[in-house]
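Take a look at the structure set out below.
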């Protein structure tokens with residue numbers, strides 16, 4: 001499982017290349033700090049002629065002069081990051097506190113550029129006590145006369161010892177790292193801090209331009225392979241805007257932290273906390289690298305995102321709009337037919353959270369609450385409008401239905417009253433279906449009555465005809481017997497038609513009393529076929545049976561079920577095309593027993609139930625026993641389908 005996760009998490013080559021280049025740019029920016037510091041100091045040596053700086057140099061010179069001439073230890077507070085050299089020209093004495101003793105020779109004798117020190121301060125006194133001061137940083141030098149009367153006016157109590165004029169002396173101070181020196185913290189921080197800004201911005205702008213150019217030239221096909229880029233492209237607009245704002249803040253912050261680092265404030269502050277100079281420097285460097293990495297990486301991603309704005313896959317939504325849509329959908333799902341306690345509580349909790357969060361921002365919170373109220377008003381007003389519109393459409397629809405227009409349609413999509421709309425449409429369809437069924441039933445009844453009338457007229461006409469013939473006195477005895485037999489036969493047919501008519505009437509009214517028993521429908525269908533076999537053979541109808549070998553038991557009225565099968569077979573005999581096949585099938589599926597009769601009709605089939613009373617009796621007897629009777633017509637193929645639920649009357 002863990003191996004699978006590790007395989008799926010892969011960093012693309014383009015991501016590694018981009019992050020590596022940005023890391024190099026970040027390191028280059030931080031490496032520029034020393035140049036910024038040195039160049040700024042070199043170009044602004046004049047700020048060192050400040051009275052407070054010169055006065056402290058004078059006092060330092062006086063104390064060192066006292067020490068070298070009188071061999072006295074004056075407990076001079078020495079900055080560990082400041083080296084010094086003192087030379088008495090007259091007495092040929094010197095004190096060299098430089099770590100590299102050769103520095104003095106290179107600087108004083110050869111006048112070389114000393115790169116090891118950020119700042120060298122040289123003060124020379126002649127035999128008259130006149131002093132010249134020289135500040136040297138790199139190859140830049142600034143020299144000037146230094147007034148010695150200032151210190152001679154100080155009281156001995158302020159110096160801690162008696163003042164003596166300094167003559168024939170040379171004092172050299174070397175500050176190796178001006179950022180961490182006490183000299184910087186005391187004198188230079190305020191004067192140089194604002195002067196660092198121009199050069200810092202220059203280097204940072206250089207880094208920004210490189211990152212922007214790199215973001216612009218990267219191919220589109222490679223952009224999607226960048227880490228998290230696909231998700232950022234699909235992210236809402238306000239997330240992208242927040243990323244841009246964050247990047248602007250990081251640019252400003254990185255410039256500020258660079259200035260504070262160059263001026264020594266960051267490492268100095270850390271030194272006071274951790275008490276270790278090297279640790280404070282390491283923490284300062286690492287934090288600067290991380291800050292510039294975040295700044296340049298977010299800048300790069302912002303450039304790529306701005307390039308992708310016009311693309312189709314770019315998300316144009318905002319978190320606010322997405323939130324409003326989701327809230328709107330949440331509200332729309334509320335079922336007006338019942339009180340939805342859960343959704344109501346959720347909405348109230350959401351409202352409470354939003355108002356509580358906005359109240360934390362005081363004045364801006366008031367503006368937020370105002371905007372929130374406006375959004376709520378727009379949402380509520382929009383939904384009320386939709387509700388009113390839907391309500392009017394429902395009223396109009398019901399009005400049209402009452403007027404008899406059952407073809408009226410509601411084309412609009414509903415939000416609030418969708419369930420009511422469905423109910424109205426179902427009611428309309430139900431009315432329409434009922435009316436169509438009623439019309440169909442009336443037509444069927446009319447045609448049925450017409451067929452029944454024809455069925456009744458035929459035997460009546462025959463009976464009348466035979467009676468008229470029997471009235472003939474010249475009729476022979478044999479013919480009279482033959483007509484009497486025919487008259488008897490037609491009388492029985494007429495009686496059967498009358499009985500069928502009563503059966504149809506009772507079936508439709510549901511007044512039939514059933515005698516339910518466990519009936520084997522397989523045996524019953526076979527019995528019916530045997531009794532009707534002669535009629536089938538007379539028309540050369542070939543019977544194709546597909547029935548189970550085992551019993552199929554249903555709780556039915558045996559007499560009326562037999563009548564159903566008999567009527568269906570007689571219907572087949574009466575309307576089938578000669579020399580065709582007749583199919584009878586019994587099957588059991590999904591807790592239902594199906595009994596299917598199929599035949600080829602000799603005449604076009606206009607209506608399923610217009611074949612006289614036979615099918616009406618079948619329909620009535622089947623339905624009164626809890627079954628279903630249906631007819632399917634496919635061209636000249638006539639299919640009668642009966643099914644009963646197993647174990648249900």
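None of the figures in this text is laboratory data; all of them are computed from the coordinates on show. From a predicted model like this one, the values you see are computed outputs, not experimental measurements. Heads up, the Cβs are rebuilt from the backbone with ideal geometry, glycines too, and the neighbour counts pull from every protein chain shown.
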- Item | Estimated FRET transfer efficiency when R0 is 30 angstrom, pair residue 570-residue 443 (beta carbons, to 0.05) | 0.80
- Query: So how far, in whole Å, is the C-alpha centre of region 506-583 from the one of region 231-261?
  - Reply: 87
- Query: Packing-wise, with mean Cβ within 10 Å as the measure, how do 199-212, 537-550 rank, highest first?
  - Reply: 199-212, 537-550
- Message: Between residue 353 and residue 402, what is 0.36 nm times their sequence separation minus the Cα-Cα distance? Round to one decimal in nm.
- Response: 12.7 nm
- Message: I need the calculated FRET efficiency for the pair residue 55 and residue 205, taking r as the beta carbon distance and R₀ as 51 Å, to the nearest 0.05.
- Response: 0.85
- Assign one of three labels to region 512-645, namely rounded, prolate or oblate, based on the Cα gyration tensor with a ≥ b ≥ c the square roots of its eigenvalues; rounded applies when a/c is under 1.5, prolate when it is not and a/b is larger than b/c, and oblate otherwise. prolate
- Proxy reagent accessibility, fewest Cβ within 10 Å first, across 251, 426: 426, 251
- So, in nm, how far is label residue 581 from label residue 623 when the simple model puts each one 7 Å beyond its Cα toward the Cβ? 3.3
- Message: Between residue 68 and residue 237, how high is the FRET efficiency from 1/(1 + (r/R0)^6) when r is the Cβ-Cβ distance and R₀ = 56 Å? Nearest 0.05.
- Response: 0.15
